[in-house]
1. Mind listing the long-range amide H neighbours of B:Gly67? Cut-off is under 5 Å, sequence gap 5 or more, other chains count too, H placed in the peptide plane at 1.01 Å from N.
2. Magnitude of the Cβ-charge dipole of chain B, K/R +1 and D/E -1, about the Cα centre, nearest 20 debye?
3. Give the separation of the Cα centroids, the stretch B:185-199 to the stretch B:1-62, in Å.
4. Read phi for every residue in the stretch B:249-254 and hand back ³J(HN,Hα) as whole Hz from Karplus 6.51 cos²θ - 1.76 cosθ + 1.60, θ = phi - 60°, with x for Gly and Pro.
5. Residues with amide H under 5 Å of B:Glu88's amide H, sequence separation 5 or more or different chain, H placed in the peptide plane at 1.01 Å from N; which?
6. The stretch B:99-173: which GluC sites (Glu not before Pro) are DSSP loop and have at most 16 other beta-carbon atoms within 10 angstrom?
7. What residue among B:Leu262, B:Ile236, A:Phe118 has its Cα farthest toward the positive end of the dipole of the protein assembly as shown, where the charges are +1 on Lys, Arg and -1 on Asp, Glu, each on the Cβ?
8. Using θ = phi - 60° and the Karplus curve 6.51 cos²θ - 1.76 cosθ + 1.60, what whole-Hz ³J(HN,Hα) does each residue of the stretch A:143-148 get, with Gly and Pro shown as x?
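Read-outs: derived from the displayed coordinates by stated rules, not from any lab. None of the values given here were measured: they were computed from a predicted structure. Positions of Cβ are backbone-derived with ideal geometry, glycine not excepted, and every protein chain shown enters the neighbour counts.
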Amino acid sequence: MVDWMSGISVGDRPVTLLTADEAPLLARPYFAGGDPGPIIAALAQVPEMLEVAAPFLGVVLGPSALDVRIKEVVILRTSARASCRYCVEAHTVVALDSGLSDTEVRSLRGELGVEDAFPAEEDRAVIAWCDALVGTGSVDAACRDRLRQGRPDHVVVELTLLATTTLLLNRFCTALELPTAPEVLARLATAGMTS
Amino acid sequence: MSTAVAEAVREGRLPGRVWLYANYHCNLVCTYCLTDSSPKSPRRDLAADRMVDLAVQARELGFTDLGVTGGEPFLRPDMVEVLLAMAEQLPTVVLSNATLFHGDRLTRVEALAGQPVVIQVSLDYADAEDNDAQRGDDNHATVVAAISRLVERGIRVRVGTTLDPDAEVSDDEHARLCALHRSLGVADEDHVVRPIVRRGRADVADVGVRATAADLPPELTVTADGAWWSPFGPTIRDGVPETDLLITRTTDPLVTPATALLRLIDGRPPGDDAHLGIR
């Protein structure tokens, strides 16, 4: 259905996720390898933003100086605290594939206590940091000192950028009601972790 | 001011014209309309001051010409004033169905006489029956009369003919159309013939040639919804602008889509020029 005055589609979904055939010229490289996923398909509506956002997201969320395991701890924990269904579902699978245990994943999702699943203080400090950032955004000195313990500044900066970028995506995906891929839902069902 | 755009235009890599979609609504419902325009279409107007500002920016960037299309631009009561202001910046062509040039509108449009503004009027066939089958009852007679009135008032008129590429138009039919436009005071160099492009309503009606970016000259085109590769880009399907030829949503400053268009052009293979003659 289309709003008569604005011409804007007011269908069931907040926005249309563009397909490869509909991809704007600047967005086509992102569709060349197949379905790029709903975040890219939504960003393609504004191709000049996609051109900047996609590489940024790729650098922040992709392979970097941080260990992939701790990156998934940050992404999944932040997403769960922000109640982002899409990101929790997608990154539950990624976290499991990254070597996090079933118990750790359930803990990050808020289904089990952190203390039992993560005995190491260095992990708990990161989780507490994520919880604080998703909350009011202000971080007390004790929480900050725990995170900084034994970590160089560049790691603190990257952990913080990762958590806050995840939070940005959490709000984006939740607001636009992005759909989880069927294969992800199937994996979640197999793991007994459907939302 | 020399800019990358000016350089590309001088070198012939980038067409010099910038198109603006004034609106999307129309008093006609042509069978092959790219923009699915009708009296009930959402207007999607570009505001008058926005159009003039885009004209200023186009000139400053080094573009050499402007085009205005729609919808039917002259449904907007401010169109003559907008065209005069745009033409102070660059020569301007405006596409029109020419069915509104009578009464007060005809009086207002007289102000375009002697100005660097050309009205390109749609007339598809020499025979009224063929023409009106595509463009509506009495369209042929209305348009022929309007062209005469415009020419009499010193307004330069071009005739734009849009043909179904699968329809066989004989040399005799084409000659009669040319004789008609000459008799109305429109010279041969002001007669443009192009195929129906299979987008928008034409695609739904299963007529016209398919055209991709490789087939269309990269003429920067601005609408209320963004900037496109070509005036054949911002077509309407199921009530929504098609996005496959979208460049950017940002249109102000104009340098943003212009620069993106240049990047796209520079990414095209050498010699990959438009070959369908769709202009």
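1. The list, which skips near neighbours in sequence, is B:Val18, B:Trp19, B:Leu20, B:Val93.
2. Roughly 720 debye, rounded to the nearest 20.
3. 18 Å
4. Working through the residues one at a time gives 7, 6, 10, 9, x, 5 Hz.
5. Distant-sequence amide H within range of B:Glu88: zero hits.
6. Those satisfying the criteria are B:Glu168.
7. The residue sitting most towards the positive pole is A:Phe118.
8. These are the phi-based 3J(HN,Hα) values: 5, 5, 5, 4, 5, 6 Hz.
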